[in-house]
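What follows is a set of notes on a single structure, which appears directly below.
The values are calculated or read from the model by the stated rules, or taken from the named source; none is laboratory data. As the structure is a computational prediction, the values presented were derived from the model and not from experiment. Every residue, glycine as well, gets a Cβ built from its backbone with ideal geometry; the counts of neighbours run over all protein chains shown. Each accessible area value is taken on the protein alone, full model and side chains, heavy atoms only, with ligands, DNA and RNA left out. Shrake-Rupley method; radii C 1.70, N 1.55, O 1.52, S 1.80 Å.
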Amino acid sequence: MDLDTLTSEMYAFVESKGWLDGDSPKRQTPRSLAISLALEASEVLEHFQWSEEAQQPEALAEELADVLLYLLQLASLNGIDLGEATMRKLRKNRARDWAASAPDDAPSSL
């Protein structure tokens, strides 16, 4: 499934809940979506808190889907073509010298 289809499906769901309405208590603003994205990403971490492997793969899949849905909506509301942004970032990363950018013991950042 492509990003455009996923984005359309996500918007159909959000609209059906009334979350795009100006008076919605769960209004989908860039700020609220960024917060929700961070919270959902934290929920992904819970699956690895005490184990190197996710013990409930289906539950992990649901959390990853939540992250993707918030990411798609945040990108869309900000006029970002997520597919193109990802390809630009991959091109930039390919050109980086990872060994020269951080000490050996520092975590890497994409």
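Of note:
- Restricting region 66-93 to residues that are in a helix (DSSP H, G or I) and among the acidic types (Asp, Glu), the residue that is farthest from residue 28 (Cα to Cα): 84
- Considering only residues in region 55-69 that are in contact (Cβ under 8 Å) with a residue 12 or more places away in the chain and open to solvent by 60 Å² or more (accessible area, probe 1.4 Å), the one that is farthest from residue 14 (Cα to Cα) turns out to be 64.
- For region 1-48, residues that are assigned to a loop (DSSP other than H, G, I, E, B) and in contact with a helix residue (DSSP H, G or I) (Cβ under 7 Å, 6 or more places away or on another chain) total 3.
- For region 84-107, a residue qualifies if it is polar (S, T, N, Q) and at pLDDT 85 or above, and the qualifying residues are 86, 93.
- Some residue of region 19-29 being among the acidic types (Asp, Glu) and over 18 Å from the mean Cα position of the chain (by Cα): yes
- Single unsatisfied condition, residue 22 versus (1) surrounded by 12 or more Cβ atoms within 10 Å (Cβ to Cβ); (2) more than 26 Å from residue 85 (Cβ to Cβ); (3) at pLDDT below 95; (4) not β-branched (Val, Ile, Thr): (1)
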